[in-house]
Amino acid sequence: MTDLPDRLSVNPASPYFDEELLKRGVGVRFKGVEKTNVEEYCISEGWIRVAAGKTLDRNGNPLTILLKGPVEVFLKEG
C-alpha cells in the first residue's frame, strides 16, 4: 500500500486538503462498499463525511453527515 494520509478532505479551506493526491485519484471503501461522495475521511478514528443530498449550509458549502465504521483508502488506477 502506498503512503496515503490518515485524514484527507476535498475542501480547499481544510488543513487536510492535498490537491496533488486528489488529482491522482483516491478511492474510499466504507464498510466494504466503495463511496464516491466522500467529502472527508479519517482512517484512525473510523469515520467519513458524506454530502447530505444537495442541501447547502448558509456559507454555500454542502451539508455533511458523519458516518462511523471501518474505512479503507486506496489509489485509483489510471
Review point. Listed residues 9, 14; which is surrounded by 14 or more Cβ atoms within 10 Å (Cβ to Cβ) and modelled with pLDDT of 90 or more?
Key: 9
Exercise for review: Kindly indicate the residue of the range 37-63 that is among the polar types (S, T, N, Q) and farther than 16 Å from residue 7 by Cα and also modelled with the lowest pLDDT among those meeting that condition.
Suggested key: 61
**Study point:** strands (runs of 3 or more DSSP E) enclosed by the chain - at least 1 residues per element that are out of contact with any strand residue (DSSP E or B) (no Cβ under 9 Å at 6 or more places or on another chain)
**Key:** 33-35
Check your understanding: Taking the condition over 10 Å from the mean Cα position of the chain (by Cα) and modelled with pLDDT under 90, does residue 69 pass?
Key -> no
Practice item. Would you check if there is a residue in the range 3-23 being at positive phi and without any contact (Cβ under 8 Å) to a residue 60 or more places away in the chain? Key: no
Review point. Does residue 35 satisfy the condition of being surrounded by 14 or more Cβ atoms within 10 Å (Cβ to Cβ) and out of contact with any helix residue (DSSP H, G or I) (no Cβ under 6 Å at 6 or more places or on another chain)?
Key: yes
Exercise for review: May I ask you to verify whether residue 51 is among the hydrophobic types (A, V, I, L, M, F, W, C) and loosely packed, with under 10 Cβ neighbours inside 10 Å?
Suggested key: no
Review point. How many residues are of a type in the set (Asp, Glu) and within 17 Å of residue 24 (Cα to Cα) if we restrict to the range 37-71?
Key: 2
Check your understanding: Considering the range 26-44 alone, what residues qualify as being within 15 Å of residue 72 (Cβ to Cβ) and under 13 Å from the mean Cα position of the chain (by Cα)?
Key -> 26, 27, 28, 29, 30, 34, 35, 36, 38, 41, 42, 43
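The values are calculated or read from the model by the stated rules, or taken from the named source; none is laboratory data. All figures in this text were calculated on a predicted structure; none of them were measured in a lab. As a convention, Cβ positions derive from the backbone with ideal geometry for all residues, glycine included, and neighbour counts pool all protein chains shown.
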